[in-house]
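Trainee: Can you keep this structure in mind? I'll have questions shortly.
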Amino acid sequence: MKRGLILEGGAMRGLFTAGVMDVLMENGVDFDGVIGVSAGAAFGCNYKSGQIGRVLRYNTRFCRDKRYAGWRVLIKTGNIYSTEFCYGEVPLKHDVFDFQAFEKSPMEFWVVATDLETGEAVYHKYEGMHDHGFDWIRASASMPLVSQIVEIDGQKLLDGGIADSIPVKYFENSGYDRNVVVLTQPKDYRKGKNRAMPFMKMKYKKYPEFIETAKRRHKVYNETLDYLKEKENAGDVIVIRPDCDLPVGKVEKNPTNLQKAYEMGRGAAEKRIEEIKEYLK
């Protein structure tokens with residue numbers, strides 16, 4: 001049996017995920033592997049390093065910082081979340097990410113990105129600082145239109161959610177047969193067509209396969225939700241999701257709202273913690 005934790009993205013909706021993760025870590029819930037997409041990767045790495053509370057701490061501390069994120073940062077750097085500050089100063093100086101603990105842990109940690117030239121998902125087992133620093137996590141979390149393309153070993157990469165927002169089938173095909181999935185949208189949510197597609201077509205016209213993948217994203221996402229519903233009804237997966245829309249935007253500047261989303265995640269996990277423990281036995 002292999003136990004997996006699958007983390008959807010959603011920018012600052014990931015504070016819900018952080019609340020779930022902290023409750024799981026506080027209760028000693030162990031996984032053989034974690035796979036994160038976008039914010040799920042950026043925040044999920046703290047599970048492998050065992051840093052309870054870190055996601056909430058640094059986001060509430062810096063969400064109003066002009067160096068962290070926002071339109072001013074986008075205009076100045078080409079990234080709505082500052083590469084230098086978010087992936088440099090914060091994890092290396094202000095709220096240090098524990099690479100030693102991360103690399104020592106036997107838990108696998110996977111990130112998902114999207115290859116612009118093929119339009120396909122790239123699944124990468126991230127090994128730590130020597131594995132291109134934070135570039136793989138940054139690639140997974142680089143939202144189209146508001147982020148620069150991240151190039152790693154010749155691959156041009158952006159947000160993993162474009163190709164595979166909820167990589168449950170990938171983990172199942174990799175041998176993970178006891179999975180907990182954390183979603184950041186409520187149960188009745190269905191993804192609609194991307195209203196920004198005209199802008200995507202203009203900006204990424206050199207990458208037709210990427211555009212086609214982006215066009216299909218809502219269909220693939222909703223099909224995955226249907227698949228999860230079947231698995232959940234059969235008792236073959238545990239899905240944790242918010243009961244209602246989370247009170248945060250993609251670039252949330254209000255630390256109170258971030259705290260609320262985090263507490264919603266904690267509450268959702270606390271309700272089901274014994275069920276989760278029993279399921280993973």
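Trainee: What's the number of the condition Met25 fails, among (1) of a type outside the set (Asp, Glu); (2) over 14 Å from Tyr262 (Cα atoms); (3) open to solvent by 10 Å² or more (accessible area, probe 1.4 Å); (4) outside any helix (DSSP H, G or I)?
Mentor: The one condition Met25 does not meet is (4).
Trainee: Hey, any hits in the range 199-215 for a residue that's closer than 27 Å to Gly4 by Cα and either of a type in the set (A, V, I, L, M, F, W, C) or open to solvent by less than 60 Å² (accessible area, probe 1.4 Å) (or both)?
Mentor: yes
Trainee: Also, quick follow-up: Quick check on Tyr123: is it open to solvent by 60 Å² or more (accessible area, probe 1.4 Å) and of a type in the set (Ser, Thr, Tyr)?
Mentor: It is true that Tyr123 is open to solvent by 60 Å² or more (accessible area, probe 1.4 Å) and of a type in the set (Ser, Thr, Tyr).
Trainee: Also, quick follow-up: Looking only at the range 82-116, count every residue that is among the charged types (D, E, K, R) and without any contact (Cβ under 8 Å) to a residue 40 or more places away in the chain and tell me the total.
Mentor: Count: 5.
Trainee: I'd like to check something: does the range 43-60 contain any residue that is modelled with pLDDT under 95, open to solvent by 20 Å² or more (accessible area, probe 1.4 Å) and in a helix (DSSP H, G or I)?
Mentor: no
Trainee: Scanning for something more than 12 Å from the chain's Cα centre (by Cα), closer than 24 Å to Thr83 by Cβ and among the small types (Gly, Ala, Ser), does the range 169-189 turn up at least one residue?
Mentor: No, every residue in the range 169-189 fails to be more than 12 Å from the chain's Cα centre (by Cα), closer than 24 Å to Thr83 by Cβ and among the small types (Gly, Ala, Ser).
Trainee: Of the residues Asn179, Asn222, which single one is in a helix (DSSP H, G or I) and open to solvent by less than 60 Å² (accessible area, probe 1.4 Å)?
Mentor: Answer to the selection: Asn222.
Trainee: On to the next question. Given Val251, Val239, which one is of a type in the set (Val, Ile, Thr), under 18 Å from the mean Cα position of the chain (by Cα) and at pLDDT below 95?
Mentor: Among Val251, Val239, only Val251 is of a type in the set (Val, Ile, Thr), under 18 Å from the mean Cα position of the chain (by Cα) and at pLDDT below 95.
Trainee: Sticking with this structure for a sec: Using beta carbons and a limit of 9 Å, which pairs, at least six apart or on different chains, have the first residue in the range 220-248 and without any contact (Cβ under 8 Å) to a residue 24 or more places away in the chain and farther than 20 Å from Gly4 by Cα and the second one open to solvent by 30 Å² or more (accessible area, probe 1.4 Å) and hydroxyl-bearing (Ser, Thr, Tyr)?
Mentor: Cβ pairs passing all conditions: Pro247/Thr256.
Trainee: Among all residue pairs at least 6 apart or on different chains, which show Cβ distances below 8 Å where the first residue, located in the range 26-44, is farther than 30 Å from Tyr81 by Cα and the second is hydroxyl-bearing (Ser, Thr, Tyr)?
Mentor: Final answer for the pair search is Asp32/Tyr176.
Trainee: Considering each of Tyr262, Tyr227 in turn, give the residue that is more than 30 Å from Lys66 (Cβ to Cβ) and either open to solvent by less than 70 Å² (accessible area, probe 1.4 Å) or of a type in the set (S, T, N, Q) (or both).
Mentor: Criteria check complete, one pass: Tyr227.
Trainee: Are there any pairs, at least 6 apart or on different chains, whose C-beta atoms fall under 8 Å, with the first in the range 117-141 and under 17 Å from Asp159 (Cβ atoms) and the second in a strand (DSSP E or B) and open to solvent by 20 Å² or more (accessible area, probe 1.4 Å), and if so, which?
Mentor: Glu117/Gln155; Glu117/Lys156; Val122/Gln155; Tyr123/Trp110; His124/Trp110; Tyr126/Trp110; Trp136/His124; Ala141/Tyr81
Trainee: For the range 126-143, which residues satisfy the criterion of being open to solvent by less than 20 Å² (accessible area, probe 1.4 Å), part of a loop (DSSP other than H, G, I, E, B) and closer than 23 Å to Glu209 by Cβ?
Mentor: Ser142
The values are calculated or read from the model by the stated rules, or taken from the named source; none is laboratory data. Since the structure is predicted, the reported quantities are computational estimates derived from the model, not experimental observations. Because the Cβ atoms are built from the backbone with ideal geometry, glycine has one as well, and the counts that use them run over all protein chains shown. Accessible surface areas use protein heavy atoms only, side chains included; no ligands, DNA or RNA. Shrake-Rupley method; radii C 1.70, N 1.55, O 1.52, S 1.80 Å.
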